[in-house]
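Report on one structure; see the data block that follows.
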Amino acid sequence: MNQAAFHSFLACEDLKDPEKADQQKLFELRLNSNISLIQHLFFELYPQVEHKKDFGKLLRLLPNLFNKRPERLRLLDLSRMAEGNWYQDQRLVGMQLYVDRYNKDLNGLKAKLPYIEDLGVNLIHLMPVTTRPQGQNDGGYAVNSYTKVDPRYGTRADLLRLIKTMHSKQMYVMLDFVVNHTSDEFPWAKKAAAGNKKYQKYYYTYQDRTIPDAFEKSLPEVFPESAPGNFTYNEQMQKWVMTVFNNYQWDLNYRNPEVFMEMLSNLVTLANMGVDIVRFDALAFLWKKLGTISQNLPEAHMVISLFRLCLQVVAPGIVLLAEAIVAPTNIVKYFGQGIFKGNECELAYNATLMALLWNSVATKKTLLLYRNLKNIPSRPQEGAWLNYIRCHDDIGLGFDDRYIYEIGWDASEHRKFLLNYFTQKLEWSPAIGQAFMYNPRTGDGRITGSAASLLGLEMGLKTKNAKLIDQAIDKIVMLHGIILSYGGIPMLYAGDEIGTLNDYSYLNEEDKRDDSRWLNRPVHDWASSAAVHQEGSIPYRVFRQVRHLIALRKEYQVLADHHLPLLHEPNNNHVLAFERTDGNNKGILVLCNFDEHDQALDAGLITSLGYIKNARYSDLITGEKRKLTSGLFSLKPYEIFWLDSL
Ligand code: GLC
């Protein structure tokens with residue numbers, strides 16, 4: 001909703017007492033505030049005369065969808081709207097997990113909520129829980145349904161109970177909406193394969209190779225090793241179908257307004273289960289156009305915005321997360337720019353920061369991190385980044401070549417170095433990871449592995465090297481200290497809180513063997529989690545420190561995402577320094593050292609800060625109070641400080 005419409009909506013009398021609000025009136029008010037943009041976008045996307053009637057269909061669909069929204073959630077929508085940007089609150093800390101690999105199923109997860117709460121996490125991203133093909137299914141991202149819970153995970157009632165329990169504990173829920181594709185077993189795909197023309201138009205299907213070949217001239221490959229090409233021949237249908245990801249994931253054709261409307265219904269059904277944040281999976285790919293790479297196209301933004309605006313009318317409390325792992329300058333566009341301002345996603349993955357942190361781990365320097373962060377357009381006021389270190393996917397090295405050259409390195413050599421560093425090609429590197437989608441011809445590739453293994457814990461344990469183990473633990477804590485203080489929502493990856501290592505079992509499983517991302521999708525090790533109470537154990541050391549950082553973050557309001565972090569460039573290439581303030585005279589200075597040696601900073605940086613008075617400061621993490629006595633401030637290897645004034 002644009003600002004003016006939002007304010008007039010907030011001024012509405014009915015909102016003062018949501019319990020007594022005339023829901024219908026509020027729905028109409030929201031519809032009236034958004035309808036002109038909805039109409040504009042609809043006809044931009046679907047200008048053909050024959051689609052005129054489809055707009056009427058959409059207008060009839062919206063009230064139907066609203067009528068299905070449970071009363072409890074309608075009230076929640078109202079309080080969320082009045083509350084403003086709740087997702088910017090520093091008390092929000094997330095964790096991402098595979099339900100089946102965490103603790104068997106939905107009820108198993110429910111049983112583990114106390115452990116998650118003990119860590120301080122109050123937002124859980126449950127990766128896909130709906131039905132999927134038995135064999136390969138891309139970890140559930142090939143969906144057989146958007147609404148039917150996979151029996152292996154439990155029942156719909158189990159999911160609803162879990163969500164209710166989480167809400168009663170003030171925890172938030174995030175679920176995926178796999179918006180770009182379905183599996184080849186999805187009912188629409190099955191009907192299409194059986195010859196149904198209507199459903200063939202739900203996908204990009206072609207009689208012969210003419211158009212697929214034309215597309216291939218400019219379409220890159222997402223999984224060049226395991227799923228080369230972007231089209232798959234379906235014997236039953238005797239047609240080619242577009243499959244940009246795996247050959248069993250059929251791309252939905254949003255050029256067909258029916259697809260948009262059916263997907264909107266699916267989205268609202270998902271939202272109506274009580275989800276707080278919906279993760280829009282692979283949304284950069286939503287529109288395909290010949291002669292382009294078919295990513296980040298203006299029409300893709302229009303489709304997303306149309307979803308957003310319709311939700312604004314039907315379920316305005318829902319927050320959208322953009323999973324756009326694309327070039328940094330393109331990611332920020334998913335927050336909404338121009339006419340889409342405030343009308344796309346509130347959240348986006350900070351894939352740039354994530355990849356740059358790994359770059360700094362390997363180079364032990366922060367040069368490239370600064371160069372990029374300083375040049376990337378800021379997120380809008382009402383948006384927030386989702387900051388993370390690891391997730392279930394690979395680490396791409398998609399930062400801008402320009403900045404690599406600017407600091408005097410060769411871009412392609414540098415990428416080779418990073419791959420070598422993380423995949424055991426350098427004798428001195430402590431990292432143990434694997435390459436993902438490596439192309440020997442170009443030398444391009446991505447990286448997989450768990451945070452702990454990439455940071456040297458596995459190597460330390462293997463070689464019984466206590467120093468490496470200590471350093472790895474310090475690095476795990478430092479990286480979490482960064483994502484917990486940088487702003488936005490920190491999203492931990494389940495298992496990282498206990499230093500989980502790579503899981504090689506995927507190599508023995510036919511359905512997983514070709515996808516090295518499974519290296520970092522382990523079954524949660526509950527024996528290690530039990531060891532968080534065993535003083536001195538690795539899980540104890542990691543868990544305690546991460547938990548401490550989480551608790552601290554929640555306490556300090558300056559860490560809420562109301563102001564962008566201020567980067568400071570100290571004259572030391574190994575150090576990252578940034579400040580979080582409330583815009584007045586309260587603040588926290590974060591300092592960390594990516595090097596394996598002690599490093600020193602000019603203390604002038606610290607004394608110049610308005611809120612550190614008389615050179616007296618305290619480190620919030622250790623609780624140590626100190627006064628700067630020399631012109632230098634020193635940092636031990638992989639040390640992180642959160643400095644506040646005394
Ligand atoms: C997203 C998911 C990834 C999946 C892809 C295709 O990027 O994070 O795991 O392979 O979408 O659905």
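Just a few scattered comments:
- Test result for ALA431, in contact with an Asp or Glu (Cβ under 6 Å, 6 or more places away or on another chain), within 24 Å of VAL477 (Cβ to Cβ) and touching a residue at least 24 places away in the same chain (Cβ under 8 Å): no
- Hey, ASN144 surrounded by fewer than 23 Cβ atoms within 10 Å (Cβ to Cβ) and within 16 Å of the ligand (Cβ to nearest atom) or not: yes
- Total residues in the stretch 92-105, condition assigned to a loop (DSSP other than H, G, I, E, B) and closer than 27 Å to ASN343 by Cβ: 1
- Within the stretch 73-85, the set of residues being part of a helix (DSSP H, G or I) and without any contact (Cβ under 8 Å) to a residue 12 or more places away in the chain comprises just one member, GLU83.
- Residues in the stretch 430-453 include none that are part of a helix (DSSP H, G or I) and more than 29 Å from MET127 (Cα to Cα).
- Considering ILE476, ILE489, ILE483, the condition of being in contact with a helix residue (DSSP H, G or I) (Cβ under 6 Å, 6 or more places away or on another chain), closer than 24 Å to GLU555 by Cα and not basic (Lys, Arg) is satisfied by ILE476 alone.
- When ARG390, ARG379 are checked against the criterion of being within 16 Å of the ligand (Cβ to nearest atom) and within 24 Å of MET174 (Cα to Cα), ARG390 stands alone in meeting it.
- Test for ASN387: is it closer than 22 Å to ALA577 by Cα, polar (S, T, N, Q) and buried (at least 20 other Cβ atoms within 10 Å of the Cβ): yes
- From the list ILE469, ILE447, the one residue that fits, being touching a strand residue (DSSP E or B) at 6+ places or on another chain (Cβ under 8 Å) and touching a residue at least 60 places away in the same chain (Cβ under 8 Å), is ILE447.
Okay, residues lined up against (1) touching a Lys or Arg at 6+ places or on another chain (Cβ under 9 Å); (2) at pLDDT below 95:
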site	(1), (2)
LEU605	no, yes
LEU609	no, yes
ASN614	yes, yes
ILE640	no, no
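- Test: residue in the stretch 426-436 that is within 25 Å of the chain's Cα centre (by Cα) and at pLDDT below 95: no
- If the condition is being surrounded by 15 or more Cβ atoms within 10 Å (Cβ to Cβ) and closer than 23 Å to TYR370 by Cα, then the stretch 597-623 contributes GLN599, ALA600, LEU601, ALA603, LEU605, ILE606, THR607, LEU609.
- Inside the stretch 178-230, residues that are within 16 Å of the ligand (Cβ to nearest atom), acidic (Asp, Glu) and free of Cβ contacts under 8 Å to residues at least 40 places away in the same chain make up a count of 1.
- Filter result (in a helix (DSSP H, G or I), within 16 Å of the ligand (Cβ to nearest atom) and of a type in the set (Ser, Thr, Tyr)) within the stretch 238-272: none
- In a residue-by-residue description of the stretch 176-185, the property of being of a type in the set (Phe, Trp, Tyr), within 30 Å of LYS110 (Cβ to Cβ), within 25 Å of the chain's Cα centre (by Cα) and surrounded by 14 or more Cβ atoms within 10 Å (Cβ to Cβ) applies to at least one position.
- Those residues of the stretch 263-317 which are without any contact (Cβ under 8 Å) to a residue 40 or more places away in the chain and in contact with a strand residue (DSSP E or B) (Cβ under 9 Å, 6 or more places away or on another chain), in sequence order: ARG308
- Flag for TYR506 being hydroxyl-bearing (Ser, Thr, Tyr), surrounded by fewer than 18 Cβ atoms within 10 Å (Cβ to Cβ) and either touching a residue at least 24 places away in the same chain (Cβ under 8 Å) or part of a helix (DSSP H, G or I) (or both): no
- Candidate set: the stretch 150-162, residues that are surrounded by fewer than 21 Cβ atoms within 10 Å (Cβ to Cβ) and of a type outside the set (Asp, Glu); chosen: the one nearest to the ligand (Cβ to nearest atom): ARG152
- The stretch 44-66: number of residues that are of a type in the set (Phe, Trp, Tyr), in a helix (DSSP H, G or I) and within 31 Å of the chain's Cα centre (by Cα): 1
- Per-region count, the stretch 514-569, residues over 22 Å from the mean Cα position of the chain (by Cα), over 26 Å from VAL99 (Cβ atoms) and either in a loop (DSSP other than H, G, I, E, B) or acidic (Asp, Glu) (or both): 7
- Under the condition of being touching a residue at least 60 places away in the same chain (Cβ under 8 Å) and either of a type in the set (Val, Ile, Thr) or touching a Leu at 6+ places or on another chain (Cβ under 7 Å) (or both), the residues counted in the stretch 364-384 number 7.
- In the stretch 273-315, the residues that are aliphatic (A, V, I, L, M), more than 14 Å from the ligand (Cβ to nearest atom), under 16 Å from PRO220 (Cβ atoms) and outside any helix (DSSP H, G or I): LEU290, ILE293, LEU297
The values are calculated or read from the model by the stated rules, or taken from the named source; none is laboratory data. Values in this document were obtained by computation on a predicted structure and should not be read as measured data. Counting neighbours? That spans all protein chains shown, and the Cβs are built from the backbone with ideal geometry, glycine included.
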